[in-house]
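These notes are about the structure you will find just below.
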Amino acid sequence: MTIFTLMRFLPVFCLLLNIPNFSLADLNEATPRPSPIKEKASEKQLLPAAGERVFGIDFNTNSLPGAPTQSGFRGISGLQDGANGTSLSVTVNGIDITLSKTGTADFNFRGFNATTDSVMPGGPTSLSGVVADFIATTDGPITVTMKGLPAGDYLFRSWHLEPHTGPGLGFASGSSSTDPQWLAIEWNGTTQSTILTTALGEAGLDRTAISNDDIPSLECVLLVEAGKPVKVTWKGFLLSENISYVLINGFEICETNPKS
Ligand SMILES: [Ca+2]
């Protein structure tokens, strides 16, 4: 078995053995991660610096009062528990972006302006508009397909914070009330990064003033070939259940620095 085959099937082995999953950074370091905070830090050490943003997507609930769209991002809006379909498309800066899911349930949108026990976080974060709301599913992965990116290396980053302030974790917990759920991103058939999701409430961060480091994020480098679409898939899983919740506040594609 090659190291690449091992890396591809490692999450499945971990699930079968009921042990925590490992990231690429953990594999490289050959040490288990003691906490998602350390894991996140170690992953960032392997990534290039972000250069200019090619585009950013901010998922919004469209309930009143109006949804906050992060400055410099394109908003994609939908209804809480509404008929949002299973495919959403937008074109930004000449890049065709399509969100799709294999589960039959419609996309769901949640956030502070549609739920009385959710808030828009404040404090020293530059991402309040992004993490105020999110797109979600309860029945499986979400895939984004991007067409039109010029060939090169890009930094992909997505954010996963539930703005819920109630006693549970909301979508950050799957079907449990308080156990945080793992999220992973896959590209090119391989798990690139994993993270534990959390919420603003007591079972999570337990505060509404946050910094960017408080926001669970997934990052990886995408190697884009000319004329070929790029697909990234978010998968959620709990170690003890065969269920997949996914919540995504937004994501961005940045050039790497130096640009390749
Ligand atoms: Ca937003």
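Which of the residues belonging to region 216-260 are at pLDDT 95 or above and among the polar types (S, T, N, Q)? Those that are at pLDDT 95 or above and among the polar types (S, T, N, Q): Ser217, Thr233, Asn249. Restricted to region 121-135, and to residues there that are away from the ligand (no atom under 11 Å from the Cβ) and of a type in the set (Ser, Thr, Tyr), the residue that is surrounded by the fewest Cβ atoms within 10 Å (Cβ to Cβ) is Ser126.
Do we find that Ser193 is crowded, with 23+ Cβ neighbours inside 10 Å and touching a residue at least 12 places away in the same chain (Cβ under 8 Å) in this structure?
On the way: crowded, with 23+ Cβ neighbours inside 10 Å: yes; touching a residue at least 12 places away in the same chain (Cβ under 8 Å): yes.
Considered against the rule, which asks whether it is crowded, with 23+ Cβ neighbours inside 10 Å and touching a residue at least 12 places away in the same chain (Cβ under 8 Å), Ser193 comes out as yes.
Applying the criterion of being buried (at least 17 other Cβ atoms within 10 Å of the Cβ) and part of a strand (DSSP E or B) to the residues of region 75-91, the residue that is farthest from the ligand (Cβ to nearest atom) is Leu88. Between Asp153, Asp206, the distinction of being touching a residue at least 24 places away in the same chain (Cβ under 8 Å) and acidic (Asp, Glu) belongs to Asp153 only.
Within region 98-116, residues that are surrounded by fewer than 17 Cβ atoms within 10 Å (Cβ to Cβ) have Cβ atoms under 8 Å from residues that are of a type in the set (Gly, Ala, Ser) and assigned to a strand (DSSP E or B) in these pairs: Thr98/Ser87; Thr98/Ser89, counting only partners at least 6 apart in sequence or on another chain.
Going by what's in this entry, would Val232 be described as crowded, with 19+ Cβ neighbours inside 10 Å, within 20 Å of Ile57 (Cα to Cα) and out of contact with any Cys (no Cβ under 7 Å at 6 or more places or on another chain)? Talk me through it step by step, then tell me what you get.
Details: crowded, with 19+ Cβ neighbours inside 10 Å: yes; within 20 Å of Ile57 (Cα to Cα): yes; out of contact with any Cys (no Cβ under 7 Å at 6 or more places or on another chain): yes.
So Val232 fits the description; yes.
With the structure loaded, tell me whether Gly168 is on the phi > 0 side of the Ramachandran plot, surrounded by fewer than 24 Cβ atoms within 10 Å (Cβ to Cβ), away from the ligand (no atom under 16 Å from the Cβ) and not hydrophobic (A, V, I, L, M, F, W, C) or whether it fails that test. When the stated conditions are applied, Gly168 does not pass them.
The values are calculated or read from the model by the stated rules, or taken from the named source; none is laboratory data. Model, not experiment: these values are computed from the prediction. We place every Cβ from the backbone using ideal geometry, glycine too, and count neighbours over all the protein chains shown.
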